[in-house]
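Here's the structure, in structure tokens; my notes come after.
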2 protein chains.
Amino acid sequence: MDLNIQTWIDRLRAGDVRTLARAISTVENRAPGWSELLKALFPHSGKARVLGLTGPPGAGKSTLVDQLARFYRRGTDADRNKRTVGIIAVDPTSPYTGGAILGDRIRMQEHFSDPGIYIRSMATRGSLGGLARTTADVTTVLDAAGRDLIMIETVGVGQDEVDIVRLADITILILVPGMGDDVQTIKAGIMEIADIFVINKSDRDGAEHVEREIRTLQSLAIRGDGWTPPIVKTVASDGTGIEELAGAVARYEEYLQQKNLALNKSVENWQERLIEMLRDALLEKARAQMTDGNMARYAAEVAEHKRDPYTLVEEIAAKVGKS
Amino acid sequence: MDLNIQTWIDRLRAGDVRTLARAISTVENRAPGWSELLKALFPHSGKARVLGLTGPPGAGKSTLVDQLARFYRRGTDADRNKRTVGIIAVDPTSPYTGGAILGDRIRMQEHFSDPGIYIRSMATRGSLGGLARTTADVTTVLDAAGRDLIMIETVGVGQDEVDIVRLADITILILVPGMGDDVQTIKAGIMEIADIFVINKSDRDGAEHVEREIRTLQSLAIRGDGWTPPIVKTVASDGTGIEELAGAVARYEEYLQQKNLALNKSVENWQERLIEMLRDALLEKARAQMTDGNMARYAAEVAEHKRDPYTLVEEIAAKVGKS
């Protein structure tokens with residue numbers, strides 16, 4: 001970082017989009033100073049509302065997110081600048097499709113001449129990288145930069161996606177008619193965390209069928225907080241149902257407030273996140289103590305069965321923090 | 001563990017299936033003594049051939065795995081007991097479908113009266129659990145117990161599955177006709193690691209189309225090791241193509257031997273696994289130093305924005321190993 005932290009923060013808080021982009025890159029790439037930047041930004045965060053949107057490929061998430069963004073930008077009162085939007089498009093499946101989404105997104109950003117909508121794409125980190133953690137950190141940057149509403153959009157319905165959308169205040173699962181057995185796969189894992197269901201492309205055949213499937217699955221799993229996730233039908237491409245979706249979001253927000261659930265949810269999330277952060281910090285420490293050369297030699301010895309990895313790891317762990 | 005380690009090992013090595021089941025449970029659940037058991041078993045491992053099989057839900061993986069198991073049990077020479085088989089069915093997507101697979105698998109195990117086929121199901125661990133690591137440890141148990149061939153079967157095509165099948169010597173990706181755009185999603189992430197492609201249910205319309213898609217994707221990505229993954233067409237339900245698949249496996253095994261690639265691959269895998277194991281060990285250490293109460297308090301302070309999590313984690317990490 002060639003600017004001092006305070007300058008970054010002043011510019012960020014003033015809404016400077018180029019500084020925002022640079023701050024996100026710094027955090028995303030763990031470039032020098034990333035940790036100091038986050039420390040300085042954290043006290044300014046915590047005001048944004050975070051929506052997590054996920055669903056299988058082809059469900060029309062990007063279009064839906066864009067429509068929602070436009071809706072929130074239009075606002076419900078006279079001051080059009082009141083709700084600024086940040087969108088993080090995450091693709092946990094691959095660097096390849098990540099690239100594809102990035103391409104789409106760059107085009108989309110151009111369509112939005114409105115600086116009140118900021119879009120950022122992120123693709124897969126290595127298996128140790130912790131995409132969920134990076135997403136959380138980027139959310140903190142957008143939040144501290146004063147974005148009122150942050151939408152995290154992710155493709156897929158596996159554990160990665162669960163980890164990513166878990167950090168949202170409100171999770172929206174987007175399904176489409178004609179998914180067939182896929183709904184069965186989705187129930188697996190993500191059905192439990194959806195606060196709102198969307199059936200997008202609901203003008204297609206099979207919307208009723210998907211709705212019935214969701215209802216059936218809902219009857220099997222009772223949520224601890226007493227909320228029954230509503231099902232909203234949309235056709236994102238022409239804007240149908242977007243207002244209803246925003247209404248469902250508002251109702252759930254109200255419910256969270258009433259029941260004081262928002263803070264509980266945040267405490268739970270932080271408990272997980274702190275442990276993940278601690279794990280990463282310790283790993284950094286361990287790596288620092290071990291040159292790559294050592295690691296390669298250890299791996300070779302284990303692969304040749306000259307050394308048992310379980311004892312080896314205990315020995316290395318015992319040394320961490322002692323030198 | 002109520003038996004001493006040597007007794008466990010003697011019984012395991014003698015092929016006792018009940019001891020095998022108990023040893024796997026000990027390792028899977030991290031029950032007392034799990035680490036000592038793995039240390040003692042490791043020197044006996046390293047002889048098994050490990051196949052990783054993955055593909056989208058509905059591709060017929062279980063049926064294919066069962067057919068392959070039967071094929072290997074029949075053997076190619078007079079001694080029918082020569083190739084014993086261990087199957088680990090992993091479902092990274094959810095405890096729910098994990099349960100479903102488990103149910104199926106229990107029924108399957110009953111179908112196999114042959115003790116030379118041992119089947120084990122594993123469902124999702126928590127986000128910190130490291131399903132890939134548990135799978136690797138269970139593989140070590142089966143290997144040390146003398147299973148000649150271990151098949152790891154997993155559902156899905158995301159990062160979790162990549163992590164799981166990565167520990168196999170040979171990775172088989174199972175596709176089906178009529179996947180449509182889904183092949184595009186799969187290319188993402190897992191196409192690179194497949195050593196053999198299977199088009200199962202190849203009597204259905206669209207088999208040629210899937211084959212063309214695979215060929216196209218192959219032409220885009222050149223493997224570092226010079227191997228061109230073959231495409232085998234099967235109809236697992238009636239056994240069509242199973243012998244051809246086993247032939248492809250044998251050819252790849254030979255290729256690995258010739259090029260001395262097996263050891264290289266193993267060294268690479270261990271480099272990743274050692275780091276993951278070290279991370280887990282350090283996390284254990286950190287958790288031990290922090291009571292759950294502390295963690296909850298920290299999480300609450302961060303959620304209320306009274307404390308910045310980045311500094312907090314640095315402080316905790318600095319203390320690890322110092323007391």
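Taken together, the values in this text are just the output of simple stated rules run on the coordinates, not laboratory data. No experiment lies behind these values; they were computed from the predicted model shown. Reconstructed Cβ throughout: ideal geometry from the backbone, glycine too, with neighbour counts over all protein chains shown.
General remarks:
- Net lengthening on full extension, residue B:4/residue B:215 (0.36 nm per residue, minus Cα-Cα): 70.6 nm
- Fewest neighbouring Cβ atoms within 10 Å first, the residues A:219, B:121 line up as A:219, B:121.
- Segment A:194-233: C-alpha gyration tensor shape, a/c 1.5 cut-off, then a/b vs b/c: oblate
- One chain, two ends: residue B:204 and residue B:304. Fully extended at 0.36 nm per residue, the span grows by 30.3 nm beyond their Cα-Cα distance.
- Taking 7 Å steps out from each Cα toward its Cβ at residue A:36 and residue A:251 produces label points 4.9 nm apart.
- All-pairs Cα distance distribution in segment A:222-323, expressed in whole percent, bin size 5 Å: 2, 9, 11, 12, 9, 8, 7, 6, 6, 9, 11, 8, 1
- Sites residue A:227 and residue B:258, calculated FRET efficiency, Cβ-Cβ separation with R0 60 Å, nearest 0.05: 0.50
- Residue order for B:302, B:176, B:165, fewest other beta carbons within 10 angstrom first, comes to B:176, B:302, B:165.
- Each of A:254, B:161 was scored by other Cβ atoms within 10 Å of its Cβ. Listed from fewest to most, they are A:254, B:161.
- Distance from segment A:14-86 to segment B:242-262 (C-alpha centre basis), Å: 49
- Size-normalised alpha-carbon gyration radius of segment A:274-319, reference 2.2 N^0.38 Å: 1.27
- Hull volume in cubic angstrom per residue (convex hull over the Cα atoms of segment B:1-44): 60
- Each listed q (0.12 Å⁻¹) maps to a log10 I(q)/I(0) for segment A:198-274 from the Debye sum over equal C-alpha point scatterers, namely -0.48.
- Structure note, pairs A:201/A:259; A:259/B:319; B:39/B:265; A:259/B:306: Cα-Cα distances above 26 angstrom occur for A:201/A:259; A:259/B:319.
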